[in-house]
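Novice: Below is a structure I'd like to ask you about.
Please treat every number below as a calculation from the coordinates, not as lab data. Nothing here was measured: the structure is a model prediction, and the numbers come from that model. Cβ atoms come from the backbone with ideal geometry, glycine included; neighbour counts cover every protein chain shown.
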Amino acid sequence: MEHRTENRAEKRILRTMNVVLHNGGNGLLGGRIRNISGNGIYIELAPEQRMAPDDTVRLAFKTHLGLHIVPSRVVRVEDSGSAMRFTRRDDRLAAALARLGGEESRSTG
């Protein structure tokens, strides 16, 4: 697989948590979030769960503010998983990401 340099403006929050993906006709897939930012997420997936660039999914994961269901598009596929860009994000998700980022800053500062 090709390895590309990422150009992200948003800070990545290194956070591991479970995520469920609804991939249209392929049903539900389970994975682990490796990192998340205001624009997207990197999810570790088993090889048989790999998706293709431009696939659209709905991600479901929990934070301190509850369950988030976020429409997303696959932008990069690697051996270990997929990078996805949020196609819609609401104020509650933005608040949850801000708090996660603040928690990470305090734990590394």
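Novice: For the range 17-109, run through the GluC sites (Glu not before Pro) and keep only the ones in DSSP coil with at most 14 other Cβ atoms within 10 Å of their Cβ.
Specialist: Details: sites: Glu44, Glu48, Glu78, Glu103, Glu104; in loops: none.
When the GluC sites (Glu not before Pro) of the range 17-109 are filtered for loop state and at most 14 Cβ neighbours within 10 Å, nothing remains.
Novice: Apply the Karplus parameterisation 6.51 cos²θ - 1.76 cosθ + 1.60, with θ equal to phi minus 60°, to every residue of the range 65-71 and state each ³J(HN,Hα) to the nearest whole Hz, in sequence, with x for glycine and proline.
Specialist: Going residue by residue, I get 8, x, 7, 10, 10, 10, x Hz, with x marking Gly and Pro.
Novice: Each residue of the range 52-57 in turn: what ³J(HN,Hα) in whole Hz from Karplus with 6.51, -1.76, 1.60 and θ = phi - 60°, glycine and Pro shown as x?
Specialist: Once θ is set to phi - 60°, the couplings for the range 52-57 become 10, x, 6, 4, 10, 9 Hz.
Novice: Could you give the dipole magnitude of the range 13-108 about its Cα centre, charging the beta-carbon of Lys and Arg +1 and that of Asp and Glu -1, in debye to the nearest 20? Please report the intermediate quantities before stating the final value.
Specialist: Working: 14 positive and 10 negative charges, 56 e Å.
Computed charge dipole of the range 13-108: roughly 280 debye.
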